[in-house]
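Written out below as structure tokens is the structure these notes cover.
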Amino acid sequence: MTGGKENSGFAAFTHRNFRFHCTARLVFGIALSMQTVAVGWYVYAVTNSALLLGISGLASFLPAAVLALFAGHAADIYNRRTIVAGSFAVCTMGALGLLALVASGSSDVRLIYACIVAVGSGRAFANPAAQALTANVVSKEHFTNAVTWYSSAWSTARIIGPAIGGLLYLVSPTAPFIVACVFFGSASLCVAMVSVTSDRSKGGRGPITWETLSAGLKFIRSRQVILGAISLDLVAVLFGGATALLPVVAKDILQVDAWGLGLLRSAPALGAIAMGAWLAHAPIRGKAGKTMLIAVAVYGLSIVGFGLSTSLVLSMLMLASSGAADQISVVIRHTMVQSETPDEMRGRVAAVNSIFVSGSSDLGEFESGVTAWWWGTVPAIIFGGVATLGFASLWSVMFPQLRERDQIVGK
């Protein structure tokens, strides 16, 4: 490894294990994004119900809510690589179930929800182990760079996956599900190539108690900066996220097909990957807390703009802006959480973080479906953006330590 390369914006990729780890993140994200856009279009096509579309987000969140603490505990006492690879394999099985339902033309949303729960269960165990594994595959000085690229890999997947998923759906409703199954399996193989052999049992494999399960919760509660950052992301995406309504916006407001839906789903990630690439080469050097709060406010404004738009191009621009703002928040939050958590607790803390992230995304889809059912699609989206602006202001008062935080990695 050359000194220049180690100090470049691509420093994390000098580590072989990180290359496999990041590739798995990218491939898994593409598979999940393709499947999500295809499921959304299929459910809305067979039900024509925004509420039932929103419930699919609830079905995805429930496994994370129920299993996350157990998953975090497992990530701290067992081999993290094995957990991630096995969890991705479970996601593959759930994807195969969805493929079978779509191929048969089933309109039974209960079976579709069951398969979504299966995929969500795999993700519940994969997320904390994968987040904690990142610190084990790079050197300490390259950790922030690794977090930035790891987050960017997910954002890249959210660009590629929805666009491919929408295009494949036009070819055949089963096509995106077939490809998703292949990609889920490939992600599992990539993780298996990671050669990390750290023995989690050194932390002790004692009995599972509430004390051991809740250790991550207690740690986060004791760190006001981390609590503020994680909870802000929760409420912002919970109310500001409008992904569940994209099929409704695409079909009823913008009047575009599945390809247009794929473009809409890709737009936030396009902004996120552009911002991620910028941050990898020009990392945030100071005023991290204020930067995060401003980014969340910009996210809310972008969602309001999206709600008011009747143009595909303008809608994509607003969503791209929301994705760029969200990426700033993600990098700051993930870096602070992982860098300030002892390795023997990273799994449990990452599990709590995963509950917040999944809750903000998946419950946000449910919230969007319900509010759209009550008020209509456009008022629901605008309400979410305005609420996000309000929460950014409120959190700046409630968490002064977050507002005044200067460096992302504490001294």
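How about the range 124-151: which of its residues are in contact with a Leu (Cβ under 7 Å, 6 or more places away or on another chain) and more than 15 Å from ALA282 (Cα to Cα)?
Listed by number, the residues that qualify are ALA124, PHE125.
Filter the range 163-195 for residues that are over 26 Å from LEU246 (Cα atoms), in a helix (DSSP H, G or I) and touching a helix residue (DSSP H, G or I) at 6+ places or on another chain (Cβ under 6 Å); which is modelled with the lowest pLDDT?
Taking the candidates together, the pick is ALA192.
Looking at the range 62-76, which of the residues that are of a type outside the set (A, V, I, L, M) and crowded, with 24+ Cβ neighbours inside 10 Å is nearest to SER87 (Cα to Cα)?
GLY72
The values are calculated or read from the model by the stated rules, or taken from the named source; none is laboratory data. A quick note: this is a predicted structure, and the numbers were derived from the prediction, not measured. Reconstructed Cβ throughout: ideal geometry from the backbone, glycine too, with neighbour counts over all protein chains shown.
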